[in-house]
Structures are given as C-alpha cells and as structure tokens.
C-alpha cells in the first residue's frame, strides 16, 4: 500500500505542497505536469499555464533582420573603418547560433532588448565615430576589431589562467 501511494503521488501544485513542474511544464488542476491542453487549460491549470516554447536554437534571424543590422551599424563598412567587411549580418547570425541562450529567452520584446543591449555595448567598444561624425559618433560602431591606443595590457602571468603567447588583452 505504501508503494502504491508513493507511485501515484501528484507532482505539483497544492497536491504536492506548491511545487512547480520542472522545465516550465504546466501543472494541471489534478497536480500532474505536462505541456498539452489537459495540463495547461484554464480554468484548472495551477501554475506555469503556458506550455514551454520550442528549445532555443540561437537563430536570431527572426528577431533582427539584415536591414536592421545594416541600419544600426550603417558605417561599419565605410572606407574610414579599419574593420570594413569584417562584421557581417551572416557572421552575427552564425555566431549567435553557437550560444543558444543568447537572445532566446522570454517574449519577443525581451529578446529584442537583450540583443539591443548587446549591440549597444559591443558597438560602443568598437566605435570609430568622432563628435562631428555623420549620423553622430555612435552610428560608427563596429569600425574597429582591435583596441586603438590601449593604455594597458590586462595580461598578467598566471599558471591557472595564462595569456595566449603573443596576444594582448584589453
């Protein structure tokens, strides 16, 4: 009888002490976890009532288009930019796929905010603009791919975290 009772114990919700289902699964009105309509339907579902979306692939092409990329970084291929031709939309999309958690969490608005923050930071760090630059100094992001006039080299000898031979860190 004890074995039968343990085997049929509910998994979530008020029947299981308020426990949430793992992996974002819905908790049914009867305390079972799943991602189909019987588990997630309202009224009845106790928690996490929207089934989890597809597993992130890292493909951001549905969030940022090639034309948006070009518009944000409109001067990256200017003749005045040493990195012209280096930063491409396809390279960005391909690189993002190597990090499936990047820009893939939350709703579309949240994902766009994460990507915008990324571009804001990386564009700032690679800007080639000046105060009177056409379209303003910050529209010249991704102009450089190496630090310009670095004031220090953050490389410190370490057996645990050695610097790559011949490389500099900024």
Mind giving me the nanometre distance, one decimal, between the label points for residue 122 and residue 49, set 7 Å out from Cα along Cα→Cβ? 3.9 nm
Given labels modelled 7 Å from the Cα in the Cβ direction, how far is it in nm from residue 79 to residue 113? 4.3 nm
222 nm mean residue ellipticity, helices alone, for the chain (DSSP H n ≥ 4; -39,500 (n - 2.57); rounded to 500): -7000 deg cm²/dmol
For residue 105 and residue 86, compute 0.36 nm times the residue count separating them, minus their Cα-Cα distance, and round to one decimal in nm. 4.0 nm
Could you order the peptides 59-66, 128-135 from most to least packed, using the average number of other C-beta atoms within 10 Å per residue? 59-66, 128-135
Rg/Rh ratio calculated on Cα atoms of segment 10-53 (Kirkwood radius): 0.91
What is the packing order of peptides 113-122, 18-27, 143-152, taking the mean over residues of other C-beta atoms within 10 Å and listing the highest first? 18-27, 113-122, 143-152
Cα Rg over Rh - the chain, Kirkwood: 1.21
Give the angle, between 0 and 90 degrees and rounded to the nearest 10, that separates the Cα long axis of helix 108-125 from the longest principal axis of the Cα atoms of the chain. 30 degrees
Could you check the simple spin-label distance between residue 19 and residue 66, using points 7 Å along Cα→Cβ, in nm with one decimal? 5.0 nm
Peptide ranges 81-87, 156-162, 103-109 listed from the most packed, as the mean C-beta count within 10 angstrom indicates: 81-87, 103-109, 156-162
Model label zone, residue 151; criterion: amide N under 19 Å from point 7 Å along Cα-to-beta-carbon; scope segment 113-132: 124-131
Per the rule of 0.36 nm per residue minus the C-alpha distance, extending residue 97 to residue 160 adds in nm 19.7 nm
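Each value in this text was obtained by applying a stated rule to the coordinates, not by laboratory testing. All of these numbers come straight from a predicted model, not from anything done at the bench. Note: ideal-geometry Cβ built from the backbone for every residue, glycine included; neighbour counts use all protein chains shown.
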